[in-house]
Amino acid sequence: MKTDIDRKLRDFVGAKTAKTFTEVLGIETVGELLRYYPRRYLKKGELTPFDELEVGDQATVSGRVKRVTVRSLDSKLEIKPEDVNKYRRHKTITKVVVSDGRNDLELAFFNQPWLTNKLTVGTAALFWGEVTMFRDIMQLKGPGTEILDEEDLSEAEIERRAKPFRPLYPATAKLPTATIERSIKIVLDNLDDVEDPLPELILGQEKLIGLREALQKVHLPDTEQDWLAAQKRFRFEEALVMQTILAQRRAVTDALKAIPRARTGGGLLDDFDARLPFKLTAGQTEVGDEIFADIARPHPMHRLLQGEVGSGKTIVALRAMLAVVDAGGQAALLAPTEVLATQHHKTLTKMLGELAEAGMLGGADRATRVGLLTGSLNAAARRTAMLDAASGAAGIVVGTHALLEDKVQFADLGLVVVDEQHRFGVEQRAALSQKSGENTPHVLVMTATPIPRTVAMTVFGDLSVSTLTELPAGRSPIMSSVVPAKDKPAWLVRAWERVREEVAKGHQAYVVCPRIGDEVKNAADEEGEFATAADQADAKGKPPPAKSVLETAELLAQPLAGLRLEILHGRLPADEKDSVMTRFAAGEIDVLVATTVIEVGVDVPNASTMVVMDADRFGISQLHQLRGRVGRGKVQGLCLLVTDSWDASSARARLDAVAATTDGFELSRIDLETRREGDVLGVAQSGKRSSLKLLSVLRDEEIIVSARHVANSIVSVDPELTTYPSLRSYLDSVLASEATDYLEKT
Ligand code: ADP
Ligand code: MG
């Protein structure tokens, strides 16, 4: 059904303006324009005749300019109109006398000499501000100004413009807020029929105003309550659209088929549990049970496991994988980097021991194999691994994400575990389904970067979430401090002494730098060591270049003389990376100078010390991750955040926050507060295309929760929304306009 909302804008505002809207904002229809909401509202005073003004009032007046003078406040001399531009940087006062036809009023503007060119004699304008008294003369001091065209001078137009709240739109030079306002006014005046996507019943339940009224009040409010009520309605609408899409998607996922992998007693899992050298934490057991219940269902699990750094997610994943192998299937473990994939392969193989030695001398009866598939394997190793995956001989296959894209075949892929990532895209899931025919594997996504509940409900709305907050018993807390290297060079000297002391005790240390040091500026490496913003600044020759791995390793030769020091970064050949990590894990290297290639996942419990160079160049979550590389065993961890930048207070606040707490959930909250919505959602939101215009996934938790309830109750009885045609067509239009790309990334 076509309604006025779908009409082209040019039918209302003229071809030229319509074209500008399309070019600048991508707006073509009346509906799109009406959903271009004001950024904020300008508060004015009440429109008041001059003779009724009282000192202290916030007032708006309408008048014509009678006289303008500019004076320099230094010389007290009057400035000629043609000279005002020379006084842009001087202290000036511009006095404007306006008349309402009967009385005069003086306006005083400070340091805006150019106003003389705008407020020429005869100009009609609105002015608003506080009424003050200066040397017995009533004034508006530094008022807001809006020049009126001659055609704006009808009483009604002046009244409207003088409304106490004026909408201010996100505007550009080509499309000023006044043009947007005027166009919206024309459209609203001519619009009769609008279909509300929100059903009556829901409006009533949620105490929301209808669409027609909300459009009026969001664009042309009379009172603050007006735009607040309108915004409340639109926020809910945005949340409902999003949650309905997610609820529909959940319904689709729920209808997908998976092979149930119920836990069978007496298999690899029981053997593994029996030989575990430690006791599982309560959280690990609990999350394990949640997963076992999920994968026993005939529908694919889709679960996010968020756990504090070092909380022991790998074992949770391994137990899930073993349950699947026991049930006759295979499991794949995907890691974000080769370093991590290789480490996982080693860890799993070691933890499983003879349980992973199928077909080998000494292998257990029920044993399976753990395969490794990464891009840098040689052809022979690759072929073996592919064969093991295809034949089912490897119960577990570890690899990077390439594992999914590759022509890797599995005999019976039952579970995919994605480590250290919380985005596992729709396309990736689709790729999985293709691999496994009509049955979709179960999916477990693991991340150490906690996500606030609302974000989980938004972006990850179709995931179930498990959380591991507790660390295994017996960990000593990590001590963290900030080392202001420039102000207190002695502290840096002391830092290297501490490293020596730790090594003397038999422990190991990491020294992390923001750059590799061999790069052409701005190089970002495929292993995720992104050049920092600072690197980009380097190119422009601004702040000094960040510390690099190569140069730091050289500088450390002296203070750390005698220690076994090696470097690691993403541009080393794969076998060299592997050899360095292996030797570090085996304790054959004392100090590893590395990039953030060791940021996530790396697990060497004997490492006690983490020194981060130019720590101010890293984000909060990143620092928390880096620190998480130490304190992973019984050894007391130490984290030193070295920085030269003492002036930039936000950088300092970040470092202080990290030093003050080891609670990743708390740090994540602080981190999110300092970030923009688009960053949180992981998309560059242009604003014009996003369907989230007024809703904040960080602040509007309550709205999102209730929209989710409503969406669930609608979709559970009517998944196709046949009884809600207007909601359905609105949803279609939102989806069609690609305004939900943040949802597509999940
Ligand atoms: P993350 O959650 O950061 O991925 P890992 O899974 O790498 O953490 O585990 C960190 C370390 O803690 C590993 O060395 C692991 O063997 C150890 N670990 C895991 N669970 C326990 C436990 N219940 N008790 C003691 N140590 C544990
Ligand atoms: Mg891990």
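Taking the Cβ-Cβ separation of Thr722 and Leu276 as r and a Förster radius of 56 Å, what is the calculated FRET efficiency to the nearest 0.05? Efficiency, from the Cβ-Cβ distance: 0.60. Once you reduce region 52-82 and region 600-632 to the center of their Cα atoms, the two points are 60 Å from each other.
Placing one equal scatterer on every Cα of region 268-468 and applying the Debye formula, the log10 ratio I(q)/I(0) at q = 0.09, 0.13, 0.18 Å⁻¹ is -0.31, -0.66, -1.33. The orientation-averaged shadow of the Cα convex hull for region 1-131, equal to a quarter of the hull surface, comes to 12.2 nm². Considering helices alone, the calculated mean residue ellipticity of the chain at 222 nm is -11500 deg cm²/dmol, with DSSP H runs of length four and up weighted by -39500 (n - 2.57) and normalised per residue. Cα centroids of region 479-507 and region 146-198: 63 Å apart.
Across the chain, C-alpha contacts under 8 Å between residues 6 or more apart give a mean separation that, scaled by the residue count, equals a relative contact order of 12 percent. Debye-formula intensities of region 377-419, expressed as log10 I(q)/I(0) at q = 0.19 Å⁻¹, are -0.54 (one equal scatterer per alpha-carbon, no solvent). With all protein chains in place and a 1.4 Å probe, the accessible surface of the chain carries 52 percent carbon and sulfur. Based on the Kirkwood radius over alpha-carbon pairs, what value in µm²/s does the Stokes-Einstein equation return for the translational diffusion coefficient of region 87-165 at 4 °C and 1.567 mPa s? Once the numbers are plugged in, D ends up at 95 µm²/s.
List the equivalent ellipsoid semi-axes of the chain in whole Å, largest first, each obtained as the square root of 5λ for an eigenvalue λ of the Cα gyration tensor.
The equivalent ellipsoid of the chain has semi-axes of 59, 37, 20 Å.
Shown are Glu599, Glu82, Glu195, Glu576, whose ranking by accessible area with a 1.4 Å probe and every protein chain present, most to least, is Glu82, Glu576, Glu195, Glu599. Taking the centroid of alpha carbons for each part, region 379-403 and region 89-130 are 78 Å apart.
As a size descriptor, the averaged projected area of the C-alpha convex hull of region 306-350 was calculated at 3.6 nm².
The values are calculated or read from the model by the stated rules, or taken from the named source; none is laboratory data. All figures in this text were calculated on a predicted structure; none of them were measured in a lab. In this analysis, Cβ positions are derived from the backbone assuming ideal geometry, glycine residues included, and neighbour counts consider all displayed protein chains. These accessible areas exclude ligands, DNA and RNA; they are computed on the full protein's heavy atoms, side chains included. Shrake-Rupley method; radii C 1.70, N 1.55, O 1.52, S 1.80 Å.
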